[in-house]
Structures are given as C-alpha cells and as structure tokens.
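Let me begin by presenting the structure, written as structure tokens, before commenting on it.
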C-alpha cells in the first residue's frame, strides 16, 4: 500500500518548520443577489473569487521545541505577507489573520500547538491606488449615458415606416419630456430651457442626453454648457441639493408608458418597438444623471443615504430587468455596473453619517424647547441641535413647531 504522506512537502512559514495536525480550506465566489420587484428569479452579480483562507493546526515538537515555538510565534507576528509551504498546495504568499498558541503541561509535554488563520495574499496596492467610489460612480454614469444613446440609435425605426408611426413616437417622447419637466420642477429645478425635439433620430437622442447631463451638472462644481439656463435660473436652481436632485431624477426614471396595448400588425410592431426604445432612453439617461448627481450628494443621516440607495437600486433593477428580458446585453451590463457603483459609493459613506429617529412633540413648541428636552441643558448643544432640527425638517418658523413627527439626531 502506497504511503501518500511521502508525497507531502514539509510545512513551514517564513522558513520556520512545523508539523501539521490538520488543516482546512475556505474558498468560493463573492456573489451579490439582486431581488427584482415583479419577478420570481433573482439576478446574481459575480464580483470575483473570495480570498482563499487556510485554517492550520501547526505542531512544534521535539528537542528545542521552546525555541522553535518562539521563532514561529515571531514569524506569525511579523508585518506583511510571508511564504507558506503547505504540504498539499505547495509554496504561496499569505498573510496571517490571527493565531492562537496552546500548550498542555500535563498530557503533551514537549510540544506546542498553534491554531493559525492564513489568507492568500493579494497584490500590494499603494494607498493612492485604492478605488475612489465617487469617481467610479461618475465613470459608470458616463458609460450609461453613452450606452443609452447608442442603444436608442440602433433600435429606433424611423425609416420606411408610415408617418403615423413617427408621429406617435414623437408624441410619446414629448409626453415623457413633459412628465420629466413636472417632476424636476416639483424637485426645485426651475427655468430650464427644455429642447424642441427634432424627431425620431439620433438628433433627438443627443438632445435628451444633453438635457439630463445638464440637469446633473447643476450640482457639480463646474456647470456644463450642454444646458441653457437664464441668469435667474442659475440663481434659483442653486438651492437644489445633490441628494434631492438624485431622488428627483430617479423618480423621472421610474415613470412608465404603456406599450402592451398596441395592436399586433407590421406597423404596430414598429410602434411598440419605438415606444420601448423611447421609454428606455428616458429611463437610462435619467438614471445616469442621477448617478452623476449622487456623486456630490451630502447626506444628512444614514437613513437618508439608505433611502436614496434603495430608491436608485430599485429603479436600476427594473431597468436591468427590461434590458435582460429583451436580450439587450450591453444595456444590461451598463445598468448593472451602475447599480454596483451606486451601492458601493453610498455604502462606503454610511459609516461616517449620523443616525436619526422620529419623535413627535406633545404640542406646538419652539425648537429650543424640543432640543432642551432631547439633549439636556448644555446651552451650546441646545442651540446647535435646535438649528439642526429646524434645517432637517424644513421648519417654517423655529418658534412654532407643530405636533407632527420630526427627524432628530440620536448621536453626535
């Protein structure tokens, strides 16, 4: 009978030899599950392999075991990656996540056991090379703008079709544009010069892309010339926050237009195809603009950031489902990339944001009294919190706050 142990290599770490009693390997894939409203099957996003982790029970035994154990302990505590020779997997660079040294002075005199958690080392990355989540979100948003315009130009049917098909498509686009105008105006974006749509062509797609890019630029440091604003508009739109604009644009992207009721004949198929292409153009460009605005969002609480993230992910999930359902692979990828970037960027910020709760005053009270009851008698803190309550809840008059729920900070 062949002794397989002769095939195993002697174990060591940073040149310090030891025996292995047992070991284990943990590995797999980093998979995010996206549950899309209205469908039973989830979408799985593969982010790559999980780090390979090795759990090793190392034994130091025999003559000189005390010095050998001390040398192994020093090697495990050393900074950075080191060379591990594994009996089965051979030589590899690993980092030590943790270890536990154990010694039995009764039953196992003359040996020391180490329970060690190793992880396969990745490539060293300088601090300046760590991905900027906000910049990555901006890149993915720009990519979605480009893909939306290209996809529309490939799908729209504006040649060799009856005039009523072109008229119907233009009317649909104008209706979506009107709805977008209403939503954005309600969100505090005023006096934008909306384009006169040029018809179902690449020119119209360019107009829509430029419009939403310009809307997003309202909250960027350097406004784009792609959108025409009067001097009054630039002043009135300056009060729009990036977070509120993100939500308004996401709401624009969530608007729907029915195309399923169109009759089925050669011309109606063009009507239906054009209706979907137009809806997708508005939806994707509004989402791309929302991503651009979200880059500059300054959230006032974790709850606000989570709400914006959830709202955007829902809209992006619906858009990606439409793309997947109709076999538009590049649209699907661009939308999923955007979803991953939004999730990563907002999630990265959550740890730096305060938490809030809702409280309801018993009667009409000034913000100073509410702050005093919530936060104690420190005068400086009371005034600061009273100002925060008024600003956070858009209180019309800080001396008269109604008996309705208020969002207030619960930590500094």
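The values are calculated or read from the model by the stated rules, or taken from the named source; none is laboratory data. Please read all numbers here as calculations on a predicted model, not as lab measurements. Every residue, glycine among them, receives a Cβ derived from its backbone with ideal geometry; neighbour counts consider all protein chains shown.
Here are some notes:
- Residue within the range 345-363 that is out of contact with any strand residue (DSSP E or B) (no Cβ under 8 Å at 6 or more places or on another chain), within 20 Å of residue 145 (Cα to Cα) and surrounded by 16 or more Cβ atoms within 10 Å (Cβ to Cβ) present: yes
- Of the helices (runs of 4 or more DSSP H) lying entirely inside the range 325-412, the ones with 2 or more residues being under 29 Å from the mean Cα position of the chain (by Cα) and more than 30 Å from residue 33 (Cβ to Cβ) are found at 379-392.
- In the set 88, 92, only one residue is at pLDDT below 85 and touching a strand residue (DSSP E or B) at 6+ places or on another chain (Cβ under 9 Å); that residue is 88.
- Top-ranked residue in the range 95-113 [being part of a loop (DSSP other than H, G, I, E, B) and within 15 Å of residue 21 (Cα to Cα); ranked as modelled with the highest pLDDT]: 103
- Test: residue 233 is in the same structural domain as residue 146 (by TED's automatic domain parsing), in contact with a strand residue (DSSP E or B) (Cβ under 8 Å, 6 or more places away or on another chain) and either surrounded by 13 or more Cβ atoms within 10 Å (Cβ to Cβ) or modelled with pLDDT of 75 or more (or both): yes
- Output for the range 54-91, where each listed residue is surrounded by fewer than 16 Cβ atoms within 10 Å (Cβ to Cβ) and within 34 Å of the chain's Cα centre (by Cα): 55, 79, 80
- Lone qualifier among 178, 169 - being over 33 Å from the mean Cα position of the chain (by Cα) and in the same structural domain as residue 252 (by TED's automatic domain parsing): 169
- If you go through the range 9-35 and pick out every residue that is surrounded by 12 or more Cβ atoms within 10 Å (Cβ to Cβ), at pLDDT 85 or above and assigned to a loop (DSSP other than H, G, I, E, B), you end up with 3.
- Any hit, the range 370-381, residues being free of Cβ contacts under 8 Å to residues at least 24 places away in the same chain and closer than 11 Å to residue 406 by Cβ: yes
- Meets criteria (in the same structural domain as residue 220 (by TED's automatic domain parsing), closer than 19 Å to residue 212 by Cβ and touching a residue at least 40 places away in the same chain (Cβ under 8 Å)) for residue 305: no
- The set of residues from the range 162-192 being more than 24 Å from residue 256 (Cβ to Cβ) and part of a loop (DSSP other than H, G, I, E, B) comprises 162, 190, 191.
- In this structure, residue 348 does satisfy being in the same structural domain as residue 296 (by TED's automatic domain parsing) and at pLDDT below 85.
- Filtered by the rule that a residue be under 26 Å from residue 95 (Cβ atoms) and either in a loop (DSSP other than H, G, I, E, B) or not assigned by TED's automatic domain parsing to the domain that holds residue 88 (or both), the range 36-75 gives 50, 51, 52.
- Any chance residue 195 is modelled with pLDDT under 75, assigned to a loop (DSSP other than H, G, I, E, B), closer than 24 Å to residue 245 by Cβ and not assigned by TED's automatic domain parsing to the domain that holds residue 49: no
- Set 333, 269: member being out of contact with any helix residue (DSSP H, G or I) (no Cβ under 6 Å at 6 or more places or on another chain), at pLDDT 85 or above and surrounded by fewer than 17 Cβ atoms within 10 Å (Cβ to Cβ): 333
- Flag set for residue 325, criterion: loosely packed, with under 14 Cβ neighbours inside 10 Å, over 24 Å from residue 304 (Cβ atoms) and in the same structural domain as residue 289 (by TED's automatic domain parsing).
- Residue in the range 273-295 that is modelled with pLDDT of 85 or more, buried (at least 19 other Cβ atoms within 10 Å of the Cβ) and not in a helix (DSSP H, G or I) present: yes
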